[in-house]
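Here's a structure for you.
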Amino acid sequence: MQRFEHIVGLRYTRAKRRNHFISFISMISMAGIGLGVAALIIVLSVMNGFQNEMRDRILGVASHVQIYANEDTGLSHWQEIMSQTTTIPHVTAAAPYIMGQGMLTSDNHAQGAIIRGILPTQEATVADLGQHMKVGSLDNLKAGQFGVVIGSALADHLHVNMGDKVILITPQGQVTPAGMLPRLKQFTVVGIFSVGMYEYDSGLALIQLNDAQRLFRLGEDVSGIRLKLDNLMLAPNIANQLVKTLPIDAWVSDWTREHANLFRAVAIEKNVMFIILLLIVAVAAFNIVSTLVMAVTDKQADIAILRTLGASSQSIMQIFIIQGALIGLVGTLGGMVFGVIIALNIHTIVPFIEHLFGVHFLSPQVYFISELPSQLEWSDVLTIAITSFVLTLIATLYPSYRASKIQPAEALRYE
């Protein structure tokens with residue numbers, strides 16, 4: 001059986017008031033809470049989508065964990081380290097690499113780039129770069145043929161295409177009778193990729209591992225080993241585990257350290273957006289204060305009669321808390337339903353709006369992510385719902401306290 005406070009509070013919410021303005025303010029408060037909750041869910045889902053999209057694109061080129069040697073020397077016992085790392089739980093693949101810097105030139109055009117030597121078959125197991133090829137394939141990189149795969153922006157800058165020749169100049173010089181001269185080698189463009197991130201598309205060139213060893217004079221050594229995990233969130237733990245077991249001349253890093261500033265900035269932006277949009281919910285929630293203050297004024301005679309019949313101050317307070325909480329609960333649930341529907345279908349809603357009004361919100365010529373991504377996190381939805389409802393309950397305290405302090409004699413004096 002329900003307590004009489006619940007019955008009266010629910011009845012006040014459902015009843016037709018003498019003052020219809022109170023009902024109007026209640027509906028506005030309810031709608032404001034719902035819109036604020038929906039906006040929070042949609043915006044945080046889009047932020048999650050952007051964060052995951054950026055992470056996928058970065059990790060399509062970068063690796064989850066890297067083991068590398070000192071810059072002055074190579075990693076000589078890399079085969080043993082690869083065998084050791086593949087036995088560690090959660091490590092699914094490993095691939096050697098050579099990293100260096102150079103300048104690519106073609107006719108009168110030149111551009112600096114990061115040169116990465118790879119084994120195409122093994123590189124495909126630790127990165128998704130092969131899925132972003134516009135022309136050619138990573139398999140075109142053959143030992144001794146000196147082919148190169150470059151990013152689309154780098155190819156545009158050099159004005160080269162498939163089959164064209166480029167000159168690679170490395171900073172490691174060679175001593176000649178004429179003095180110290182940079183090392184030059186001609187490469188053939190055998191592939192062009194487009195990851196969608198300018199950093200990689202304009203400054204990364206891939207060559208075969210054996211060609212890189214000859215170019216940078218590393219002998220049989222490599223710069224390091226790239227690892228792929230079955231759960232990328234475990235990268236810091238795996239890196240810490242490797243530090244304890246690897247030789248002293250090997251260094252370990254993971255993707256959370258290499259791109260820490262970028263992902264930290266996205267996380268901070270997400271938190272700031274949560275706080276800003278939460279203010280919308282707070283404003284709507286505190287509209288309940290004015291609604292309940294007017295309701296208390298309108299129900300003074302009812303309150304006095306209830307107090308005369310023996311209702312305590314706490315019971316009167318509970319009646320109006322229930323009334324305000326119900327307004328907040330309906331608004332929060334409505335906003336949750338609306339926000340979840342929009343967040344789950346934003347990939348179809350946004351193109352429809354773009355087609356309807358003839359606009360493009362994220363032009364591919366300007367933004368490297370041209371579609372609005374969305375990933376709904378139920379933990380975010382739960383956090384938003386709880387926060388919204390708590391704000392609603394806080395907003396009911398003052399008017400409910402005022403109602404509990406009404407004296408029956410004063411309220412009924414002019415009735």
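The values are calculated or read from the model by the stated rules, or taken from the named source; none is laboratory data. Not measured: the values here are computed from a predicted model. Neighbour counts run over all protein chains shown; Cβ positions are idealised from the backbone, glycine included. We work out accessible area using only protein heavy atoms, side chains counted, and drop any ligands, DNA or RNA first. Shrake-Rupley method; radii C 1.70, N 1.55, O 1.52, S 1.80 Å.
So that you can scan it fast, the table gives a plain yes or no per residue for (1) among the hydrophobic types (A, V, I, L, M, F, W, C); (2) free of Cβ contacts under 8 Å to residues at least 24 places away in the same chain; (3) open to solvent by less than 40 Å² (accessible area, probe 1.4 Å); (4) more than 30 Å from Ser404 (Cβ to Cβ):
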position: Leu242; (1), (2), (3), (4): yes, no, yes, yes
position: Glu258; (1), (2), (3), (4): no, no, no, yes
position: Arg307; (1), (2), (3), (4): no, no, no, no
position: Ile321; (1), (2), (3), (4): yes, no, no, no
position: Gly331; (1), (2), (3), (4): no, no, yes, no
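Another question about this same structure. Cβ-Cβ below 8 Å, separation at least six or inter-chain, first residue in the stretch 262-277 and open to solvent by 50 Å² or more (accessible area, probe 1.4 Å), second modelled with pLDDT under 85: which pairs?
Leu262/Met54; Leu262/Ile58
Let me ask you something else. Say whether the condition of being part of a helix (DSSP H, G or I) and farther than 18 Å from Glu199 by Cβ is met by at least one residue in the stretch 139-152.
yes
Something else about it: Kindly evaluate Ile349 against the criterion of being surrounded by 15 or more Cβ atoms within 10 Å (Cβ to Cβ) and in contact (Cβ under 8 Å) with a residue 24 or more places away in the chain.
So Ile349 does not fit the description; no.
Next question, about the same structure. Can you tell me which of (1) in contact with a helix residue (DSSP H, G or I) (Cβ under 7 Å, 6 or more places away or on another chain); (2) modelled with pLDDT under 75 is the one Thr256 doesn't meet?
All conditions pass for Thr256, except number (2).
Let me ask another. From Ile341, Ile349, which residue is under 30 Å from Glu371 (Cα atoms), touching a helix residue (DSSP H, G or I) at 6+ places or on another chain (Cβ under 7 Å) and modelled with pLDDT of 85 or more?
One residue alone meets the criteria, Ile349.
In the stretch 105-124, is there at least one residue being among the charged types (D, E, K, R), within 28 Å of Gln79 (Cβ to Cβ) and surrounded by 20 or more Cβ atoms within 10 Å (Cβ to Cβ)?
Yes.
Looking only at the stretch 198-246, which residues are over 23 Å from Gly117 (Cα atoms), more than 23 Å from the chain's Cα centre (by Cα) and modelled with pLDDT under 85?
Val243, Lys244, Thr245
List every residue pair whose Cβ atoms sit under 6 Å apart, with the two residues 6 or more apart in sequence or on different chains, where the first one lies in the stretch 387-409 and is part of a helix (DSSP H, G or I) and the second, anywhere, is at pLDDT below 85 and among the charged types (D, E, K, R).
Cβ pairs passing all conditions: Pro408/Arg307.
Does the stretch 222-240 contain any residue that is assigned to a loop (DSSP other than H, G, I, E, B), free of Cβ contacts under 8 Å to residues at least 24 places away in the same chain and at negative phi?
no
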